[in-house]
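Data block below; observations after.
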Amino acid sequence: MPQFTVNTSRIDPYKNFKFRVKWDGQIVAGVSKVSALKRTTEVVSHREGGDLSTPRHSPASSKFEAITLERGVTFATEFRAWTTLVYNHEGDGAVSLKNFRKDITIELLNLQGTVVKAYNVFRCWVSEFTALPELDANANALAFETIVLQNEGFELDAAVVEQPEF
């Protein structure tokens, strides 16, 4: 039985190097790495009164791991602009928390550039910002900036359906 309903001859999973990140209705330029989307549900163990040997397990609260976004250092301001919503070095450091949370979308693309999966991530905010990495004159590498996003969950975008590949 084929695993793909539209592209029935496809047997390969999608590659992990074609993706994009969007927030505020815009594609964020230059994102080269996104950490995994991960949810963990705690387990509560209990035993019934007459059962001597086998504990039962039930789900408890769930938590969502922080997401790290990485991109090469450029003049683009999206990362820095978002980080200033939770930290301000001017005056007494007070910030307005009115717009510091954003919903983001992470889209996975096939080799033709068509969106094949998308996840909406809810109520994200920047908890960590690396403006410049460690600099090393002996290295031959790019400088990357990173942000770490706390979030309150994600879901698969059901509007994205399998498209025919050419």
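The values are calculated or read from the model by the stated rules, or taken from the named source; none is laboratory data. These numbers come from a predicted model, not from an experiment. Positions of Cβ are backbone-derived with ideal geometry, glycine not excepted, and every protein chain shown enters the neighbour counts. Areas reflect the complete protein model, heavy atoms only, side chains present, ligands, DNA and RNA absent. Shrake-Rupley method; radii C 1.70, N 1.55, O 1.52, S 1.80 Å.
Miscellaneous remarks
- Residue in region 134-158 that is least open to solvent (accessible area, probe 1.4 Å), counting only those that are in contact (Cβ under 8 Å) with a residue 24 or more places away in the chain and assigned to a loop (DSSP other than H, G, I, E, B): Gly153
- The conditions of being more than 21 Å from Val116 (Cβ to Cβ) and either under 11 Å from the mean Cα position of the chain (by Cα) or surrounded by fewer than 10 Cβ atoms within 10 Å (Cβ to Cβ) (or both) are met by Ser45.
- If you filter region 87-123 down to residues that are among the aliphatic types (A, V, I, L, M) and surrounded by fewer than 15 Cβ atoms within 10 Å (Cβ to Cβ), you find that the one that is nearest to Ala29 (Cα to Cα) is Leu111.
- Of the numbered criteria (1) free of Cβ contacts under 8 Å to residues at least 24 places away in the same chain; (2) among the aliphatic types (A, V, I, L, M); (3) within 25 Å of Leu135 (Cβ to Cβ), the one Ile11 fails is (3).
- All positions within region 27-42 that are closer than 17 Å to Tyr119 by Cβ, loosely packed, with under 13 Cβ neighbours inside 10 Å and polar (S, T, N, Q): Thr40
- Wholly enclosed strands (runs of 3 or more DSSP E) of region 1-86 bearing at least 3 residues farther than 20 Å from Ile104 by Cα: 39-46, 56-64
- Conditions (1) more than 28 Å from Thr146 (Cα to Cα); (2) surrounded by 10 or more Cβ atoms within 10 Å (Cβ to Cβ); (3) at pLDDT below 90; number of the one not met by Tyr14: (1)
- Considering residues of region 50-94 that are of a type in the set (Asp, Glu) and under 22 Å from the mean Cα position of the chain (by Cα) only, the residue farthest from Glu155 (Cα to Cα): Glu78
- Filtering Glu70, Glu134, Glu128 for residues that are out of contact with any helix residue (DSSP H, G or I) (no Cβ under 7 Å at 6 or more places or on another chain) and within 30 Å of Gln163 (Cβ to Cβ) leaves a single hit, Glu70.
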